[in-house]
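Structure, as structure tokens:
The values are calculated or read from the model by the stated rules, or taken from the named source; none is laboratory data. Treat the numbers as computed from the prediction; the structure is a model and nothing was measured. Neighbour counts run over all protein chains shown; Cβ positions are idealised from the backbone, glycine included. Note: accessible area is taken over every heavy atom of the protein model, side chains too, but ligands, DNA and RNA are not part of it. Shrake-Rupley method; radii C 1.70, N 1.55, O 1.52, S 1.80 Å.
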Amino acid sequence: MSGSLFIVAAPSGAGKTSLVNALVAQQADIALSISHTTRAARAGEVDGKDYFFVTQQQFIAMQGEGAFLESATVFDHSYGTSSDAVFEQLRAGTDVILEIDWQGAEQVRRNYPESTSVFILPPSKSALEQRLRGRGQDDDSVIARRMRDAENEISHYIEFDYLIVNDDFDVALSELVSIISARRHSMAIQKALQVPLLKTLLA
């Protein structure tokens, strides 16, 4: 593999989707992996762009075929990342970013230890709840459930390589970009990329 695999996880409402979308928009050489999901499309979402929307039966069949690099059930819906799609991009030299939850991240680290993982924290519980309410998508019972689940999600932060607090969006985005850049300039990556230059310098 010549591309690098990045994982970004966070509790719902911490802002990982906005951060990842902003990162991909400004970094031409990184691709966002599109997950398969059994949940219904939300307003404005497009099949094949935001998610691949499939039935529960289709999802189970894909799991049985070993088609997923990772899969998880979140809020009663299943999500999964296609192994073939990710590895095809990595082999082509494209960096790939996965926006998944801690369960998926655990599976990816196990199946692909070379991955780099980042966890996004909200600045406070009140800020997290405010962001969830600001979406205008969920009723009080769903928000309460998401807040309860957020505590469990956050408890897994220590399993990740990097930690970012998304208080100021621009600062958090800059920190995420720095992590991507640091990985790209690691010795393992640059040693392979700079073979011709190193040969001339050490001749």
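In a GNM of the chain with a 10 Å cut-off on Cα contacts, which of Thr38, Thr55, Thr94 has the highest mean-square fluctuation?
Thr55
Indicate the gyration tensor shape class of segment 5-112 (rounded, prolate or oblate), computed on the Cα atoms with a ≥ b ≥ c the square roots of the eigenvalues: a/c under 1.5 is rounded; otherwise a/b larger than b/c is prolate and the rest oblate.
Numbers: a/c = 1.43, a/b = 1.15, b/c = 1.24.
It comes out rounded by the Cα gyration axes.
Report relative contact order for the chain in percent, whole number only (criteria: Cα-Cα under 8 Å, sequence separation at least 6).
Numbers: 287 pairs, mean separation 61.0, N = 203.
Once divided by the residue count of the chain, the mean separation gives 30 percent.
Which is the longest run of the chain containing none of the trypsin sites (Lys or Arg not before Pro) found in DSSP loop states (not H, G, I, E, B) with at most 13 other C-beta atoms within 10 Å?
50-203
Projecting each Cα onto the charge dipole of the chain (Lys/Arg +1, Asp/Glu -1 at the beta carbon, about the Cα centre), which of Ile34, Ala10, Tyr112 comes out farthest on the positive side?
Result: Tyr112.
When the solvent-accessible surface of protein heavy atoms is calculated with a 1.4 angstrom probe, in what order do Glu70, Glu99 fall, highest first?
Reading off the accessible areas and sorting them downward yields Glu99, Glu70.
Under the rule of at least 5 residues apart or a separate chain, name every residue whose amide H is placed under 5 Å from the amide H of Leu69.
Sorted by chain and number, the residues that satisfy this are Thr81, Ser82, Ser83.
If contacts are Cα pairs under 8 angstrom and at least 6 residues apart, what is the relative contact order of segment 97-203 in percent?
So the answer I get is 30 percent.
Label-point separation (nm) for Ile34 and Arg148, each offset 7 Å from Cα along Cα-to-Cβ?
About 3.5 nm, to one decimal.
Ignoring any ligand, DNA or RNA, what whole percent of the accessible area of the chain comes from carbon and sulfur when the probe is 1.4 angstrom?
Details: 5670 of 10960 Å².
Result for the chain: 52 percent of the exposed heavy-atom area is carbon or sulfur.
Suppose every K and R has +1 on its Cβ and every D and E has -1 on its Cβ; what is the size of the dipole of segment 21-81 about the Cα centre, in Debye to the nearest 20?
I would put it at about 120 debye.
Which value in deg cm²/dmol, rounded to the nearest 500, describes the helix-derived mean residue ellipticity at 222 nm for the chain, given -39,500 (n - 2.57) per DSSP H run of n ≥ 4 and division by the residue count? Could the numbers behind the result be given before it?
On the way: 9 runs with 95 residues, N = 203.
So the calculated ellipticity at 222 nm is -14000 deg cm²/dmol.
Using the alpha-carbon atoms, what tilt in degrees (0 to 90, nearest 10) does helix 125-135 show relative to the longest principal axis of the chain?
Compared with the principal axis, the helix lies near 80 degrees.
Out of Glu153, Glu175, Glu88, any idea which swings most in a Gaussian network model of the chain, alpha carbons joined below 10 Å?
Comparing Glu153, Glu175, Glu88 in the GNM, the peak value goes to Glu88.
Between Ala192 and His77, what FRET efficiency comes out of the Förster formula 1/(1 + (r/R0)^6) with R0 = 45 Å and r the beta carbon distance, rounded to 0.05?
Efficiency computed from Cβ-Cβ geometry: 0.70.
Mind sorting out which of (i) 21.8; (ii) 14.2; (iii) 12.6 is the real mean projected area of the Cα convex hull in nm² computed from the coordinates?
(iii)
Relative to the first principal axis of the alpha-carbon coordinates of the chain, what is the inclination of helix 16-26, with its axis defined by its Cα atoms, in degrees from 0 to 90 and to the nearest 10?
That helix lies at roughly 40 degrees to the long axis.
Quick check: with the 1.4 Å probe, what order do Leu173, Leu193 take by accessible area, largest first?
Values: Leu173 20, Leu193 110 Å².
If we order Leu173, Leu193 from most to least accessible, we get Leu193, Leu173.
Would you mind calculating the gained length between Leu163 and Gln63 on full extension (0.36 nm times residue separation, minus the Cα-Cα distance), in nm to one decimal?
Gain in length upon complete extension: 33.0 nm.
Tell me the per residue accessible area of the chain using a 1.4 Å probe; a whole number in Å² is fine.
54
Among the chymotrypsin sites (Phe, Trp or Tyr not before Pro) within segment 142-203, which fall in a DSSP loop and have no more than 14 other Cβ atoms within 10 Å of their own Cβ?
Passing sites in segment 142-203 do not exist.
Give me the net charge of Asp50's neighbourhood, meaning all other residues with Cβ under 13 Å from the Cβ of Asp50; Lys, Arg count +1, Asp, Glu -1. Please list the in-between numbers first.
Values: positive: Arg39, Arg42, Lys49; negative: Glu45, Asp47, Glu99.
My count for the surroundings of Asp50 gives 0.
First check a/c for segment 115-175, with a ≥ b ≥ c the square roots of the eigenvalues of its C-alpha gyration tensor; if it is under 1.5, answer rounded, and if not, answer prolate when a/b is larger than b/c or oblate otherwise.
oblate
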